[in-house]
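S.K.: Questions regarding the structure given below will be posed in turn.
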Amino acid sequence: MSIETQAQQVIDLVKASGATGDLIIDQGESLSLKASEGELEEYKVSSSQILGLRVIKDGKVGTAYSEAVDKTALNSLVEQALTNASFTATEAHESIQLNNAQLMTDDTVLCPAEEVSIERKIEFSLGMERDLVAKPKVKNVPYNSVQDITGQRHIFSSAGLNARSKSRMCVAYAYALIEDGDKNAMEGAGQANRLFADLNVNDLVARAYSNTIDILEGSPVESGHYEVIFDEEMQASLFGVFSLMFSGKSAKDGVNPMREKLGHTIADTRLNIIDQPLNSQGFGYSLFDAEGIATAATPLITDGVLNTLIHNSATASFFDVATTGHASRSPKSTMGVGLHQVEIAAGEATSTDLFAGKYLLLTDLTGLHSGANAISGNFSFGASGYLCQDGERIQPVRGITVAGNFYEMLGKISLIGKDQYWNWEKSARMPHVRFADIAISG
Amino acid sequence: MLNPQSAQSVIDHGISLGADFAELFVEQSQSNTVSTLSNQVQSVESGIDFGIGIRLVYGSKVLYGYTNKPEADELKRIMSELAAKDLRVPGISSTNFDFRKVEDLHSAQRTLSIDSEVESKVAFLMAADAAARAAGNMISQTRGSCRQKEQNIELFNSEGLHTTDTRQYIRTGLTSIASDGSEQATGSWSDGGLLGWELQDDISAEKTGSEASRQALVNLSARACPSGRMPVIIGNGFGGVIFHEACGHLLETTSVAKKASVFHDQMGQMIANPCVNAVDDGLLLKQWGSINIDDEGLDTQRTQLIKDGQLTSFLVDRIGAQQTGFSATGSGRRESYKFAPASRMRNTFIEPGDAELDDMIGSIDRGIYASHMGGGSVQPGTGEFNFAVTEGYYIENGKIQYPVKAATLISTGPAVLKEISMVGKDFSLACGMCGSVSGAVPTSVGQATLKVDDILVGGNA
């Protein structure tokens, strides 16, 4: 049964029941390889499909999903969603948008054709492990992977929406374990590109090795308050952990501490944060959101002022504003909101200013999922990195914690750099931000 | 779920491609989640997961694929694709399956396939919300959930194994948010197990709500946590996450076989203080991390990991047994058909001792009592771990002084095991989801309250 036939069958059943609805069909194919001691340790291929239905009947919303796609399963999918809707409270603000757009992403940009033999991918995987193991003091490379992933999403609705996106991502990463006497360290590096040919094994191996060997001799610094710069990976992760602050859904649910701060200064006035869904260099590229609403750049914080929260049509209706095109839904979930691709605008600090004097460069944070409370803003993470002086790394640092309140930290910015960087997964683009007065325990 | 004739032709196809071992893992699961926000039902979600995982083993190399399509031709196509670079002398096999019926040790009653019982779950969550709000008008919001899942699995392998198992999971809980106008703080409580909604008979909505709010209010009044190296008392139940992270992951052959665990060559050695006895037990009745059989079809067991401080066993799956020479411990687990199995924990805990909490507190000049812990993570290669304190108190001169917030404990597994100096009597288990190479699996953690003499506390005072 083709995708369109499946969708038509489901949407017809939804309409026949007197409901409206939309259906997400996600499909994916992937290959992943792992190497160990010169051999391919894992070779994994997958082919998957999942349908996620949302129905609205009598003002009540229900969702259901299925990985089975036979006729019986599709009938059951609709029945379940309708049954689930019958239990929920009436939701006056959620509706299927009167949107019959026909949208399609550009495969030549997001999913470029490329002939790559499996032998070449295997050689990349084996070569990456081999070259890293050959470096001095590397004991092994316990975590490594080469992946080629293609994902496709269709959204159909009872209003006639037909939106399709397709994207390819080629990923390689490697984490080396280095041992030297009693000391050990494990760090790594990764790359993500749309073309396999753009993955660079030599660069990856060099960075994975230097990230690990450089930290090996690390020791704690004295406890105290430091000026801190997070590297491009950790800074993107940190802002990601606290992205609830922009959520219109959390504001509607009464748990977003920024709900009453729209139009207020919540950060240093040099800070500008924008969601940039249409930058196709990144993997957060989104032509449309989970309701099929076309996306656009959204200024979130402008000169330190909270400009807007992000909305889907339901949260927008609740706050009596227009949707910002940030509806987010997986086939298994209910409708929420999500950022597409966060960018911090370039600041004015030169590298000389940014890296002047003494500061801590943090290159790894642990416990990001458990050590943060996005509602209160409080966090405490394990950390490692380098004590630096005028841009020079003067001591590798391990076994410390960094703690504070993220929302207060936004007001403690010393400098914002002029150059922007992608994190390796290309989900966020930011300049380095230097924070003042951050509590470090060693 | 898959007819044995189809399974046989697919398994035989795998052996004909020269594989040493071929396996099919068929899964059909249904789930239902009721979510509440304050005193309203926010959503009811349900769904069907269905797919087949295909594993071929050549030596110690694992080839894995999965699909949602159950047709034999599709399964053979994936096998052929997987094996394309490993073709060896074709094996000849005509696998005769010997169906093995697995005894269900946990026999759930109110299961999802009988009735999802949404009204009853809503009533429980409403009662929990009311109890949470009764704690005072500073409770500004509650979020409740009740998630039930029925996982049906069927396994076929080239050694003739054919078996099925059904796992019934339930978990319910509530998070309270307390607000004083300028600050917000959270507290939560949850229960769960390997059973149906009869869980309701063993738990109390009143306790769920009041505990969540008590913790939220404590955290709202908490001060910044002092930092630095100091003794820490870690509470019972979910406090066992310290052992899970600091030691449990390092005993899985997934990291031992790669020599990516600091304990890989320490079998039989003293790796902990002699007061430490630790177990990973898959047999505990109706416990969240229990299983009848593992996801490779092997019987589960109780595995003594550490006895009087000495390392006595690793957690071993099929491939781990092959790679390390240790016997399999029925620990091969996976989140779903989308993952190859790996050695994983089940119900992992430190056995109780005989110390009293008052004696532990009295022995500390300056330290922390972490009565409730959150999650954490570990880097197996170095043993470096972190975990979050969700309810903690500052201790000075042998007495509890005031609550503290936003603290993380960090150390390494080998170091902290030797720093455990007192283990209490108040043993309990708690539910968690453990994420690792084979996905997120239900595991219990547990311990009695215990004292760690020296650990780095990260606070922001």
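The values are calculated or read from the model by the stated rules, or taken from the named source; none is laboratory data. The model shown is predicted, which means the values in this text are computed figures rather than measured ones. Cβ placement follows ideal geometry from the backbone for every residue including glycine, while neighbour counts extend to all protein chains displayed.
Yes or no, residue by residue, for (1) more than 24 Å from A:Asp390 (Cβ to Cβ); (2) in a strand (DSSP E or B); (3) assigned by TED's automatic domain parsing to the domain that holds A:Gly399:
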site: A:Met186; (1), (2), (3): yes, yes, no
site: A:Gln191; (1), (2), (3): yes, yes, no
site: A:Leu204; (1), (2), (3): yes, no, no
site: A:Tyr226; (1), (2), (3): no, yes, yes
site: A:Glu233; (1), (2), (3): no, no, yes
site: A:Gly240; (1), (2), (3): yes, no, yes
site: A:Ala251; (1), (2), (3): yes, no, yes
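S.K.: Also, I was wondering about something else. Name, by its number, the condition in (1) touching a Ser or Thr at 6+ places or on another chain (Cβ under 9 Å); (2) under 30 Å from A:Asp148 (Cα atoms); (3) surrounded by 18 or more Cβ atoms within 10 Å (Cβ to Cβ) that does not hold for A:Met104.
M.R.: Unmet condition: (3).
S.K.: Which of (1) touching a residue at least 60 places away in the same chain (Cβ under 8 Å); (2) part of a strand (DSSP E or B); (3) away from chain B (no Cβ under 14 Å); (4) not small (Gly, Ala, Ser) is the odd one out, the single condition A:Val397 does not satisfy?
M.R.: (3)
S.K.: Something else now. Which of the strands (runs of 3 or more DSSP E) found entirely inside the stretch B:403-461 contain at least 3 residues meeting this: in contact with a Ser or Thr (Cβ under 8 Å, 6 or more places away or on another chain)?
M.R.: Here the list reads B:407-412, B:428-436, B:439-447, B:450-458.
S.K.: Can you name the number of the only condition in (1) under 28 Å from the mean Cα position of the chain (by Cα); (2) more than 8 Å from chain B (Cβ to nearest Cβ); (3) modelled with pLDDT of 95 or more; (4) buried (at least 17 other Cβ atoms within 10 Å of the Cβ) that A:Lys57 fails?
M.R.: With respect to (1) under 28 Å from the mean Cα position of the chain (by Cα); (2) more than 8 Å from chain B (Cβ to nearest Cβ); (3) modelled with pLDDT of 95 or more; (4) buried (at least 17 other Cβ atoms within 10 Å of the Cβ), A:Lys57 is out only on (1).
S.K.: For the stretch A:399-442, enumerate the residues that are in contact with a Pro (Cβ under 7 Å, 6 or more places away or on another chain) and either closer than 16 Å to A:Lys358 by Cβ or at pLDDT below 95 (or both).
M.R.: Those that are in contact with a Pro (Cβ under 7 Å, 6 or more places away or on another chain) and either closer than 16 Å to A:Lys358 by Cβ or at pLDDT below 95 (or both): A:Gly399, A:Ile400, A:Gly442.
S.K.: How many residues does the stretch A:81-104 hold that are within 12 Å of chain B (Cβ to nearest Cβ) and over 27 Å from A:Ser165 (Cα atoms)?
M.R.: 10
S.K.: Still on this structure, I have one more. Would you point out which residue out of A:Leu306, A:Leu204, A:Leu300 is among the aliphatic types (A, V, I, L, M), touching a helix residue (DSSP H, G or I) at 6+ places or on another chain (Cβ under 6 Å) and within 26 Å of A:Gly417 (Cβ to Cβ)?
M.R.: Exactly one residue qualifies, and that residue is A:Leu300.
S.K.: Hey, another quick one. What's the total number of residues in the stretch B:416-461 that are within 14 Å of chain A (Cβ to nearest Cβ) and farther than 25 Å from B:Lys405 by Cα?
M.R.: Residues meeting the conditions: 6.
S.K.: To continue, here is another question. Please indicate, with yes or no, whether at least one residue in the stretch B:83-94 is more than 30 Å from A:Asp70 (Cα to Cα), within 34 Å of the chain's Cα centre (by Cα) and surrounded by fewer than 21 Cβ atoms within 10 Å (Cβ to Cβ).
M.R.: no
S.K.: Pick out, from the stretch B:156-244, the strands (runs of 3 or more DSSP E) lying fully within it that include 3 or more residues that are within 14 Å of chain A (Cβ to nearest Cβ) and of a type in the set (Ser, Thr, Tyr).
M.R.: Counting at least 3 such residues, we get B:161-179.
S.K.: Collect the residues in the stretch B:386-402 that are outside any strand (DSSP E or B) and among the basic types (Lys, Arg), keeping them in residue-number order.
M.R.: Within the stretch B:386-402, no residue meets the criteria.
S.K.: So for the stretch A:134-141 (the condition being of a type in the set (S, T, N, Q), assigned by TED's automatic domain parsing to the domain that holds A:Ala16 and crowded, with 20+ Cβ neighbours inside 10 Å), does at least one residue qualify?
M.R.: Yes: the stretch A:134-141 contains one or more residues that are of a type in the set (S, T, N, Q), assigned by TED's automatic domain parsing to the domain that holds A:Ala16 and crowded, with 20+ Cβ neighbours inside 10 Å.
S.K.: Being facing chain B (nearest Cβ under 8 Å) and within 19 Å of B:Met1 (Cβ to Cβ) is the filter here; which residues of the stretch A:60-76 pass it?
M.R.: Matches in the stretch A:60-76: A:Tyr65, A:Ser66, A:Glu67, A:Ala68, A:Val69, A:Ala73, A:Ser76.
S.K.: Could you grab me the full set of residues in the stretch B:358-417 that are of a type in the set (Asp, Glu) and surrounded by fewer than 24 Cβ atoms within 10 Å (Cβ to Cβ)?
M.R.: Within the stretch B:358-417, B:Asp358, B:Asp359, B:Asp365, B:Glu391, B:Glu396 meet the criteria.
S.K.: Considering the stretch A:27-54 alone, what residues qualify as being hydrophobic (A, V, I, L, M, F, W, C) and facing chain B (nearest Cβ under 7 Å)?
M.R.: Once the filter is applied, which keeps residues that are hydrophobic (A, V, I, L, M, F, W, C) and facing chain B (nearest Cβ under 7 Å), the stretch A:27-54 yields A:Leu40, A:Val45.
Results for (1) outside any strand (DSSP E or B); (2) free of Cβ contacts under 8 Å to residues at least 60 places away in the same chain, shown as yes or no for each residue.
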position	(1), (2)
A:Leu339	yes, no
A:Ala346	yes, no
A:Thr352	yes, yes
A:Leu361	no, no
A:Gly382	no, yes
A:Tyr407	yes, no
A:Lys418	no, no
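S.K.: Can you name the residue in the stretch A:311-350 that is among the polar types (S, T, N, Q) and in contact with a Lys or Arg (Cβ under 8 Å, 6 or more places away or on another chain) and is also farthest from the other protein chains (Cβ to nearest Cβ) among such residues?
M.R.: Per the criteria, the residue is A:Thr350.
S.K.: Can I ask one more? Within the stretch B:61-72, is even one residue within 11 Å of another protein chain (Cβ to nearest Cβ), in contact with an Asp or Glu (Cβ under 9 Å, 6 or more places away or on another chain) and either small (Gly, Ala, Ser) or farther than 30 Å from B:Gly282 by Cβ (or both)?
M.R.: yes
S.K.: Which of the numbered conditions does B:Glu335 fail, given that it passes all the others? Conditions: (1) within 14 Å of chain A (Cβ to nearest Cβ); (2) touching a His at 6+ places or on another chain (Cβ under 8 Å); (3) not small (Gly, Ala, Ser).
M.R.: B:Glu335 satisfies every listed condition except (2).
S.K.: While we're here: Looking only at the stretch A:159-176, decide whether some residue is within 14 Å of chain B (Cβ to nearest Cβ), assigned to a strand (DSSP E or B) and aliphatic (A, V, I, L, M).
M.R.: yes
S.K.: Which residues, taken from the stretch A:206-224, are under 22 Å from A:Leu177 (Cβ atoms), within 14 Å of another protein chain (Cβ to nearest Cβ) and in a loop (DSSP other than H, G, I, E, B)?
M.R.: Listed by number, the residues that qualify are A:Ile215, A:Leu216, A:Glu217, A:Gly218, A:Ser219, A:Pro220.
S.K.: OK, next. Consider B:Val26 carefully, then state whether it is crowded, with 19+ Cβ neighbours inside 10 Å, β-branched (Val, Ile, Thr), within 11 Å of chain A (Cβ to nearest Cβ) and touching a residue at least 40 places away in the same chain (Cβ under 8 Å).
M.R.: When the stated conditions are applied, B:Val26 does not pass them.
S.K.: Is there a residue being over 22 Å from A:Val241 (Cβ atoms), over 23 Å from the mean Cα position of the chain (by Cα) and surrounded by fewer than 20 Cβ atoms within 10 Å (Cβ to Cβ) anywhere in the stretch A:418-427?
M.R.: Looking for residues that are over 22 Å from A:Val241 (Cβ atoms), over 23 Å from the mean Cα position of the chain (by Cα) and surrounded by fewer than 20 Cβ atoms within 10 Å (Cβ to Cβ), one finds at least one in the stretch A:418-427, hence yes.
S.K.: May I ask you to list the residues in the stretch A:253-269 that are of a type in the set (Gly, Ala, Ser) and either out of contact with any helix residue (DSSP H, G or I) (no Cβ under 9 Å at 6 or more places or on another chain) or assigned to a helix (DSSP H, G or I) (or both)?
M.R.: Of everything in the stretch A:253-269, those that are of a type in the set (Gly, Ala, Ser) and either out of contact with any helix residue (DSSP H, G or I) (no Cβ under 9 Å at 6 or more places or on another chain) or assigned to a helix (DSSP H, G or I) (or both) turn out to be A:Gly254, A:Gly263.
S.K.: If you don't mind, there's one more thing I want to ask. Restrict the check to the stretch B:111-126 and report whether at least one residue is over 25 Å from the mean Cα position of the chain (by Cα), in the same structural domain as B:Asn39 (by TED's automatic domain parsing), of a type in the set (Gly, Ala, Ser) and modelled with pLDDT of 95 or more.
M.R.: yes
S.K.: From the set of residues in the stretch B:91-118 that are in contact (Cβ under 8 Å) with a residue 60 or more places away in the chain and of a type in the set (Gly, Ala, Ser), which is nearest to B:Gln5 (Cα to Cα)?
M.R.: So the residue we want is B:Ser94.
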